[in-house]
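J.: Questions regarding the structure given below will be posed in turn.
We did not get these values from a lab; they are worked out from the coordinates using the rules stated. This is a predicted model, so every value here is computed, not measured. Cβ: placed from backbone, ideal geometry, glycine included. Neighbour counts: every protein chain shown.
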Amino acid sequence: MPDGPSDFLWGSATAAHQVEGGNRHSDWWEYEQQGRLPFRSGDACRHYERYAEDFDLARALGQNAHRFSIEWSRLEPADGVWDEAALAHYVDVVAALRARGLEPVVTLHHFTNPAWFLRAGGWTRADAPARFARYVDRVARALAPSVRWWLTINEPTVYAMEGYVLGEWPPCRPWAWRAAVTVVRRMAVAHSAAYAVLHRHRSDARVGFAHSAPLVLPCRPTSLGDRLAAGVRDAVLNRAFFRLIGAAAGPRPRPGAMDFVGVNYYTRHVVKSEGLGLGRLVGHVCQAPHHGGDGPRSAIGWEVYPEGLAAVAARYAGYGLPVIITENGIATGDDALRAEFLRGHLAALDGAIAAGVPVAGYFHWSLIDNFEWAHGMGARFGLASVDATTLARTPKPSADVYAEACRRGRAAADGSSAAARLSR
Ligand code: GAL
C-alpha cells in the first residue's frame with residue numbers, strides 16, 4: 001500500500017493556485033485583486049495550459065508519481081453551479097499523468113476556496129463539510145476510476161492558523177481564536193465525509209490528508225517552561241487534527257479515519273517559553289544556535305534539519321499505517337543548497353526505512369518554482385525554474401540529485417539502501 005515494494009511513489013508536488021494561473025473564482029484571487037495580500041498570483045506558471053509539458057519534465061526526471069490539487073472554485077464558480085469544462089480539464093490532466101506512467105495523487109483542498117464559499121462564511125459555517133462533500137462527490141464521479149490516491153485537505157491546522165490567528169491569508173482575521181477552532185473542527189468533519197465519499201466511489205481508494213509536521217522540541221530541555229510550551233505547540237500543531245478525525249496512535253488504526261499518513265516536513269521548531277496567556281502558550285521558535293550550531297536556513301528563514309524527517313516519519317508510523325512524505329523542500333535561490341538539502345533528507349529517509357518505518361512514497365515540493373502564497377514568486381522551491389517572461393521551464397542541477405534517487409529507487413547513493421529494496 002503501495003501494494004508491493006515496487007510501488008514506492010517517487011514524485012513532486014504542486015497546488016492549483018500556486019501553479020495554474022488565472023484562478024479568478026477563488027478567495028485568494030479576490031483578496032489579491034482587493035490589495036489585501038502582498039502579491040498577486042496572476043498567470044503563476046500557466047500550468048493550467050502547460051501541464052503536459054510539466055508532466056514530461058517530471059517523467060524525464062525519473063519520477064513515477066505526481067501530486068497536484070484540484071481547484072474547487074473552478075469546478076463550482078458559484079454556489080451549486082458546476083463547470084463541466086473545468087471538470088473535463090482535470091480528467092485530461094489525470095489521463096496525461098497516466099500516459100506518462102505517473103501515478104496521480106490528488107489533493108481536493110489546498111488552501112484556496114471558491115470566493116462565494118468564503119463570502120458566505122467559509123469553514124466556520126455548519127454546512128461547510130456538506131458543501132465540500134458535494135464537491136468531492138462530483139470530482140470522485142469523474143476521477144475515481146483512474147485515481148486511487150487522495151488527499152482530502154492540505155494542512156488544515158496551517159490553514160486555520162494563517163487565516164484566523166496570524167491573519168495573513170484569507171479571510172485575514174487576526175486573533176480570531178474561536179473561529180480558528182471552529183474551522184479545524186469543520187475541516188475534520190469534512191475530511192471524514194470526503195473519506196466516505198471516496199470509498200463509496202472506489203473501494204480500494206487510499207485516502208489521507210496532508211499534515212504539516214514540524215518537529216517540535218524544547219529549546220532548553222531542563223526548562224519546565226520550554227517543555228510546556230513545546231508540549232502545547234506539539235499538541236495544537238501535531239496532534240489535534242488526528243484526534244478530531246478519530247485516528248488513534250497505536251498498532252491498530254481505527255478504520256475509516258485515513259488509509260495512510262501524509263506528512264509535509266520542512267523544518268523543526270525549537271521552542272522557547274513566552275509565559276502564560278492565550279496565544280503565548282505555544283511559545284516562539286528560538287532563532288539562536290542549538291546543539292552545537294544550526295543547519296543552514298532557507299530564504300524564508302526555515303532551518304534545514306534533515307534528521308527531523310526521519311523523526312517525524314517514525315512518529316507518524318505510530319498510527320499503524322504507511323507514511324507518505326507528501327511535501328519536503330526548501331525555498332532558496334542557491335541551488336547548491338537545495339542539492340545539499342535533498343541529499344541530507346533523502347539519506348534521513350533512507351535511514352528511517354532501514355530502521356523499519358513503513359514509508360510508501362516521497363514527494364518533493366516542488367516540481368517548478370511557483371507562487372508561494374504571502375511570499376509571492378520570490379521564494380523558489382522548484383526543481384526547475386520558470387522564466388518570468390517566457391515561462392520556459394529549466395531544470396536546475398539539484399533536479400539531477402533527485403532524479404538520481406528516483407531512478408535508482410533509493411534515497412541514498414548507498415547500494416544497500418532500504419528504499420532500493422522497497423522499490424525493487
Ligand atoms: C506547505 C504548503 C505548500 C507550500 C509549502 C512551502 O505548507 O502546503 O503549498 O507553499 O508549504 O511553503
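J.: Search the structure for amide H atoms under 5 Å from the amide H of Ile324, placed 1.01 Å from N in the peptide plane, and list their residues when 5 or more places away or on another chain.
T.: Val261, Gly262, Val263, Ala360
J.: Let me know the Rg and Dmax you get for segment 81-238 when you use only its Cα atoms, in Å.
T.: 18.1, 59
J.: For segment 41-53, just list the computed ³J(HN,Hα) in residue order, Karplus coefficients 6.51, -1.76 and 1.60, θ = phi - 60°, integers in Hz, with x standing in for Gly and Pro.
T.: So the J values, rounded to whole Hz, are 6, x, 7, 6, 10, 6, 5, 4, 8, 9, 4, 5, 5.
J.: What range in the chain is the longest one free of chymotrypsin sites (Phe, Trp or Tyr not before Pro) that are in a loop by DSSP and have at most 16 other Cβ atoms within 10 angstrom? Intermediate results must be reported in sequence, preceding the final value.
T.: Working: sites that count: Phe39, Trp82, Trp175.
Between exposed loop sites, the widest span is 176-424.
J.: Please list, in order along segment 245-250, the HN-Hα scalar couplings obtained from phi with the Karplus expression 6.51 cos²θ - 1.76 cosθ + 1.60 (θ = phi - 60°), rounded to whole Hz, x for Gly and Pro.
T.: 8, x, 8, 10, 5, x
J.: Round to the nearest 0.05 the FRET efficiency obtained for Ala130 and Asp204 when R0 = 30 Å and r is the Cβ-Cβ distance.
T.: Once rounded, the FRET efficiency stands at 0.70.
J.: Testing the spin-label approximation: label points 7 Å from Cα along Cα→Cβ at Ala95 and Trp82. State their distance in nm.
T.: About 1.9 nm separates the two model spin labels.
J.: Compute the FRET efficiency between Glu274 and Ala388 as 1/(1 + (r/R0)^6), taking r as their Cβ-Cβ distance and R0 = 41 Å, and round to the nearest 0.05.
T.: For R0 = 41 Å, the calculated efficiency reads 0.55.
J.: Another question, then. In the chain, what % of DSSP beta bridges are antiparallel (nearest 5)?
T.: 20 percent
J.: Using Cβ counts within 10 Å as a stand-in for footprinting exposure, how do Thr14, Thr389 rank, fewest first?
T.: Taking fewest neighbouring Cβ atoms as first place, the list is Thr389, Thr14.
J.: Translational diffusion coefficient of the chain at 37 °C, 0.692 mPa s, Stokes-Einstein with Kirkwood Rh over Cα pairs, in µm²/s as a whole number.
T.: On the way: Rh = 21.6 Å.
Calculated translational D: 152 µm²/s.
J.: How large is the convex hull of the Cα atoms of segment 281-359 per residue, expressed in Å³ as a whole number?
T.: Normalising the Cα hull of segment 281-359 by residue number yields 126 Å³.
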